[in-house]
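Values quoted throughout were computed directly from the atomic coordinates according to the rules given, and no laboratory measurement underlies them. All values reported here derive from a predicted model rather than from experimental measurement. Reconstructed Cβ throughout: ideal geometry from the backbone, glycine too, with neighbour counts over all protein chains shown.
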Amino acid sequence: MATASLTNFTVPLSTNQSASSQGLLMPKLKFRFRVTFLNFGVTQPTTELTKQVMDFKRPQVTMEPITIDIYNSKVYLAGKPTWETVTCMLRDDAGGEVTRRVGEQMQKQFDFFEQSSASSGIDYKFTTVLEILDGGNGANTPNILETWQLDGCFLTAADYGDVNYATNEAATIQLTIRYDNALQTPVGSSGIGSSITRTLGTVITG
């Protein structure tokens, strides 16, 4: 009886929707994730970076509006999409593995000693993969609930943070990542980048 009552821990729905008493859906939890960097820096593998990730911002896309001025009003259409930068906070390990790989990536983008830049984007761009996990570990392989793949990535900023006698915290490096496109693959449904039938109206109008 007590367990059955938990099905009422949700928002009541109307009869023409799903079951009126269905229980609360399990949310994705912010602390169950991993980040993988592909073709980042020179030294491989890049799993040392994955182990030192503290937080990562999920992608944000903005559709730039197009304004059509008409007689007494305005009409708005969706223009080009813009992917905002994401940030990734890393712990700076005592062995210098994180600093080494971040430095290598920055050097791929621009040689700070020789003052020489890369000839093209393919020379330095990398791929970032964010996976939301279900909490499995060890003998229990984690299931991936959601994947974001960021393509055409490069670092726009590497903030090596500060050091402070008065704190009791780990040193950090914050990366700001710009990318060309992002694809989302949630489990059991369609996401950004999945195949959706293009809608064509019978009348061409805004």
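Table for the structure above
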| read-out | value |
| --- | --- |
| Spin-label model distance (nm) - LEU29 vs TYR160, 7 Å beyond Cα toward Cβ | 3.6 |
| Near-label residues of the range 104-128 by backbone N, under 20 Å of a point 7 Å along Cα→Cβ of ASN39 | 104-111, 117-128 |
| The chain, helix-only ellipticity at 222 nm - DSSP H runs n ≥ 4, -39,500 (n - 2.57), divided by all residues, nearest 500 | -2500 deg cm²/dmol |
| Distant-in-sequence amide H partners of GLY193 (H built 1.01 Å from N, under 5 Å) | GLN184 |
| Most to least packed among 35-44, 119-128, 145-154, 165-174 [average Cβ atoms within 10 Å] | 145-154, 35-44, 119-128, 165-174 |
| Under 5 Å, built H, 5+ apart or other chain: amide partners of GLU146 | ILE132 |
| R0 of 22 Å, Cβ-Cβ distance ASN143-THR50: FRET efficiency to nearest 0.05 | 0.80 |
| Under Karplus coefficients 6.51, -1.76 and 1.60, residue-wise ³J(HN,Hα) of the range 33-39 in Hz, glycine/proline x | 7, 8, 10, 10, 10, 10, 6 |
| q = 0.13, 0.15 Å⁻¹, the range 26-184: log10 I(q)/I(0) [Debye, one scatterer per Cα] | -0.73, -0.90 |
| Environment charge at GLU84 (Cβ cut-off 10 Å; Lys +1, Arg +1, Asp -1, Glu -1) | +2 |
| Cβ-defined net charge surrounding ILE177, 15 Å radius [Lys, Arg +1; Asp, Glu -1] | +1 |
| Theoretical FRET efficiency, 1/(1+(r/R0)^6), r = Cβ-Cβ of ASP134 and THR85, R0 30 Å, to 0.05 | 0.60 |
| Acute angle (nearest 10 degrees) that the helix 97-109 long axis makes with the longest principal axis of the chain, alpha-carbon atoms | 90 |
| Charge tally in the Cβ shell below 12 Å around LYS108, where Lys, Arg are +1 and Asp, Glu are -1, LYS108 excluded | -1 |
| Computed lengthening from ALA170 to ASP151, 0.36 nm per intervening residue step minus Cα-Cα distance | 3.8 nm |
| Of all DSSP beta bridges in the range 26-184, antiparallel share, percent nearest 5 | 100 |
| Lysine pairs meeting the criterion (Cα under 26 Å, 8 or more apart or interchain), as found in the range 26-184 | 11 |
